[in-house]
Amino acid sequence: MREKKIIGRIIWIGVVLVVAAGVVFWGYRWWRERMIVGHPGGVKSQMKMFVSALEAYRISTDGYPDSELGLQALLVEPPGVNGWAGPYLIDPWIPRDPWNSAYIYEYPGRIHPDSFDLICIGRDRVRGSADDIVMSGLSQR
């Protein structure tokens, strides 16, 4: 009889732990979606950081990096580029957007042909959809 009580308590504790782990996991996921990942203000702040770095790149090299060089040109000096004074970002890597997609950089831009397009494809990860965030250079040439 005593062994059945111990086994019953162990099973009960196991069920409680599994339920608690699920609550913590889903609670954290919900909190992260609402407070961190899904906040467009954070994405726009990060994109403004890229725009500022690209403007500094343009000032020192007299042009934006082309699409092939991309945002990586803000970290590593591209061959044949005169005046590069980087790195232009604090972190030694290009961060991804909050939905773990790479930012899209195009120069010349499709939307802003006189400058560049910097695009976050948003939560749905589909380019050209309503949740995309697009920024361009400060000096439209």
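The values are calculated or read from the model by the stated rules, or taken from the named source; none is laboratory data. Because the structure is a prediction, the values reported are computed rather than measured. Glycine also receives a Cβ, built like all others from the backbone with ideal geometry; neighbour counts cover every protein chain displayed.
VAL51 meets each of the listed conditions (1) more than 19 Å from ASP97 (Cα to Cα); (2) at pLDDT 90 or above; (3) β-branched (Val, Ile, Thr); (4) not in a loop (DSSP other than H, G, I, E, B) apart from (1). Among the residues of region 102-121, just one is surrounded by 15 or more Cβ atoms within 10 Å (Cβ to Cβ), free of Cβ contacts under 8 Å to residues at least 40 places away in the same chain, assigned to a loop (DSSP other than H, G, I, E, B) and under 13 Å from the mean Cα position of the chain (by Cα), namely ILE121.
One residue stands out in region 65-91 among those that are in contact (Cβ under 8 Å) with a residue 12 or more places away in the chain and under 20 Å from LYS44 (Cα atoms): the one that is surrounded by the fewest Cβ atoms within 10 Å (Cβ to Cβ), namely GLN72.
Return the total of residues in region 92-101 being of a type in the set (D, E, K, R) and free of Cβ contacts under 8 Å to residues at least 40 places away in the same chain.
Residues that pass the stated criteria total 1.
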